[in-house]
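The values are calculated or read from the model by the stated rules, or taken from the named source; none is laboratory data. Only a predicted model underlies this, so the values are computations on that prediction, with no experimental measurement involved. Neighbour counts run over all protein chains shown; Cβ positions are idealised from the backbone, glycine included.
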C-alpha cells in the first residue's frame, strides 16, 4: 500500500468532471467512466487514469514501520490548516517532457510553498526508497541536485525542481499530438484561461502495487476573501 498527497479539484466543479471524463476514471467516486471524448484516448491515458486526475504535491510513498494512516491524516490536516486557499494562475495546456498536461500559466509561490510543506513535514512517515526504486528513478537521467533530492526525499522533482502539473497522457508522438492537442482544447475549453483555485489537499491511496489510486480524504485549506498566487 502506498499513499500520496495530491491536489484534486473540487469534486463538484467542472475541472474535476472534465479531467475525470478525459482519463476515463473518477478517483473520488472510485469508478470507471466508460465514455472518453475519443476512443483513441484509452491507450494514451492508461497510466494517468490509474493515478486519477490530480497534481502531485508529495509523491507516492510507503508508510515506514510504526506509522499509521491515522497519524498521517492528522499531520496532513495540520498542513491544510496552515495554508490559505489561493488561485495559482490561469490553466493552460502544456507539453511537459513529451506528456500533455494542464498547468498554471505562471509560477505560484503559494503553490510551491504548499508542495514544499507537504514534502518536508510528512517525510517522517515515508519508508526510505529501496535500491530498485532509486535505480528506476535514475534511469531517466538526473542532475546532481535531483539525485540529492532522490536520496533525501525519495523523489527527484521537489523544491527548486518542482513543477506543478496535471498529467493528461503518456508521452506523445508528433502524430498523436496533432490530434490530441485540439481535442484537449475543445474538451477543456470551459476551464482553460480560468484561475486554478487551490482550496484543499487530498490524501490518496494505492491499495496494492499496480492498483488504481483512490482519494481517501480531501482536506480543505483555510478560506479567505483574499486569494493570492
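The stretch 124-224 holds helices (runs of 4 or more DSSP H) entirely within its bounds, and those carrying 2 or more residues that are surrounded by 13 or more Cβ atoms within 10 Å (Cβ to Cβ) and in contact (Cβ under 8 Å) with a residue 60 or more places away in the chain map to 174-187. For the stretch 18-46, a residue qualifies if it is in a strand (DSSP E or B) and buried (at least 18 other Cβ atoms within 10 Å of the Cβ), and the qualifying residues are 25, 26.
Determine which member of the set 94, 78, 49, 120 is in contact with a helix residue (DSSP H, G or I) (Cβ under 7 Å, 6 or more places away or on another chain) and either surrounded by 13 or more Cβ atoms within 10 Å (Cβ to Cβ) or not in a strand (DSSP E or B) (or both). Among 94, 78, 49, 120, only 49 is in contact with a helix residue (DSSP H, G or I) (Cβ under 7 Å, 6 or more places away or on another chain) and either surrounded by 13 or more Cβ atoms within 10 Å (Cβ to Cβ) or not in a strand (DSSP E or B) (or both).
Looking at 48, 76, just one residue is modelled with pLDDT of 95 or more and over 21 Å from residue 209 (Cα atoms), and that residue is 76.
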